[in-house]
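What follows is calculated from the coordinates using simple rules that are stated; it is not laboratory data. These numbers were taken from a predicted model, which means no experiment stands behind them. Here the Cβ positions follow ideal geometry from the backbone for every residue, glycine too, while neighbour counts run over all protein chains shown.
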Amino acid sequence: MADESSRRIMVVDDDVFILEVMEELLEPEGIGVVGAESGDECIAELANGFRGVILMDIMMPGKDGWETIQEMIDRDLLEGNVVAMLTAKDIPDVELDCLKEHVIDYITKPFEADEIVALVKGYLNYLP
Amino acid sequence: MEYSSSLPRDGRTIVVIGSSTGGARTLEVIFSQFPLVDAAVILVQHMPHSMNNALCRHIEEISFMETGIAEDGEAIEHGKVYVAPSDLHLKLIKNRTISLFDDRKVQYVRPSIDVAMTSLERRENDRVAGVILSGMGSDGAEGICHIKSIGGTTYAQALRTCAIHYMPRAAFATGRVDEMLPPEGIRENLIRFAGIL
């Protein structure tokens, strides 16, 4: 079971509303939320040592979610994190097929509050 | 949780579960309070290497099954879950011994569900079952066909309950899936199939 110090997640989404909603839902549960509004911000947080659960939006301006994961792999920043994708699409991107070893889940927006809290708590169990 | 190992015997009951993106949610339901069953469970989950130990630890916490990362040359025993390690393919030799090997990825993944399932053999006194959970692609479809062809039992996750339904759909499209079931149904059927130790 993840200890208290590792109960934190990073939400990577250019939609600030999503970041705020995640904070409101998860911080009362004792889960710290780090917000990143772009793939580059996510990479910077990882380079600064963030390790935890990452909820990654796919469609972002600039570097999208798949490109961000590829950069995490290329720069050896994926190890020690559990990554789930956030998407508004019903049909999964083809990129998932070749990156599926690195993605634990695929969450379709909009999501229910109870659902996202339960999912994130579940992902915390899979941190090293 | 507490567990005890089964006594050695001639026949083996083997369950191979194939899981990918979204499958962790389903595993949570299947293994929650999962009893000590009279079968060896092989779990092939597509996941990063750093998740291997945590997955074993979590399944052991929520179930009554002893759980560990499968080791090369290990003889399978009932009452245990063997998690296929990332970056290696897993197959069973004569339905008894785990073999891990480094080979090219199959459908972008290693371990491959198909490789594990197609290694099973029709052997007197052995019973086998295959299960396909949520995931992208079609890994496991060939494996399900094989398990059915050797007299095994096959399940796939009901499409409406999957985060990603492509793998169960591909398995279903082979016409060799006995039942499409929600996670709770898979849990119940596996317990019934294996029997409790």
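Tabulated results
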{"item": "Tabulated pairs, the range A:62-75, first closer than 17 Å to A:Lys89 by Cβ, second part of a loop (DSSP other than H, G, I, E, B), C-beta under 7 angstrom, 6+ apart or interchain", "result": "A:Asp64/A:Ile58; A:Gly65/A:Ile58; A:Trp66/A:Ile58; A:Trp66/A:Asp93"}
{"item": "Number of positions in the range A:95-115 that are in contact with a Phe, Trp or Tyr (Cβ under 8 Å, 6 or more places away or on another chain) and among the acidic types (Asp, Glu)", "result": "4"}
{"item": "Filter result (in contact with a Cys (Cβ under 9 Å, 6 or more places away or on another chain) and either within 15 Å of A:Gln70 (Cβ to Cβ) or among the basic types (Lys, Arg) (or both)) within the range A:42-59", "result": "A:Ile54, A:Met56"}
{"item": "Looking only at the range A:105-114, and only at residues there that are within 15 Å of the chain's Cα centre (by Cα) and surrounded by fewer than 17 Cβ atoms within 10 Å (Cβ to Cβ), the one that is nearest to the other protein chains (Cβ to nearest Cβ)", "result": "A:Thr108"}
{"item": "The one condition in (1) more than 26 Å from A:Leu127 (Cα to Cα); (2) touching a Pro at 6+ places or on another chain (Cβ under 9 Å); (3) surrounded by 19 or more Cβ atoms within 10 Å (Cβ to Cβ); (4) of a type outside the set (Gly, Ala, Ser) that B:Glu77 fails to fulfil", "result": "(3)"}
{"item": "Residue, nearest to B:Arg25 (Cα to Cα), within the range B:123-144, restricted to residues that are more than 15 Å from the chain's Cα centre (by Cα) and away from chain A (no Cβ under 14 Å)", "result": "B:Asp126"}
{"item": "Odd one out for A:Gly52 among (1) away from chain B (no Cβ under 14 Å); (2) in contact (Cβ under 8 Å) with a residue 12 or more places away in the chain", "result": "(1)"}
{"item": "Hits in the range A:47-64 - residues which are closer than 22 Å to A:Lys121 by Cβ and buried (at least 20 other Cβ atoms within 10 Å of the Cβ)", "result": "A:Gly52, A:Val53, A:Ile54, A:Leu55, A:Met56, A:Asp57"}
{"item": "Test for A:Leu78: is it within 12 Å of the chain's Cα centre (by Cα) and outside any strand (DSSP E or B)", "result": "yes"}
{"item": "Those residues of the range B:7-63 which are within 10 Å of chain A (Cβ to nearest Cβ), buried (at least 17 other Cβ atoms within 10 Å of the Cβ) and touching a Pro at 6+ places or on another chain (Cβ under 7 Å), in sequence order", "result": "B:Ser50, B:Asn52, B:Ala54"}
{"item": "Given (1) away from every other protein chain (no Cβ under 14 Å); (2) over 21 Å from A:Asp114 (Cβ atoms); (3) touching a strand residue (DSSP E or B) at 6+ places or on another chain (Cβ under 6 Å), index of the condition A:Lys63 fails", "result": "(3)"}
{"item": "Residue list for the range B:79-122, filter: within 14 Å of chain A (Cβ to nearest Cβ), under 21 Å from B:Cys56 (Cβ atoms) and free of Cβ contacts under 8 Å to residues at least 60 places away in the same chain", "result": "B:Val83, B:Ala84, B:Pro85, B:Ser86, B:Asp87, B:Leu88, B:His89, B:Arg110"}
{"item": "Residue within the range A:93-100 that is within 14 Å of the chain's Cα centre (by Cα) and either more than 7 Å from every other protein chain (Cβ to nearest Cβ) or on the phi > 0 side of the Ramachandran plot (or both) present", "result": "no"}
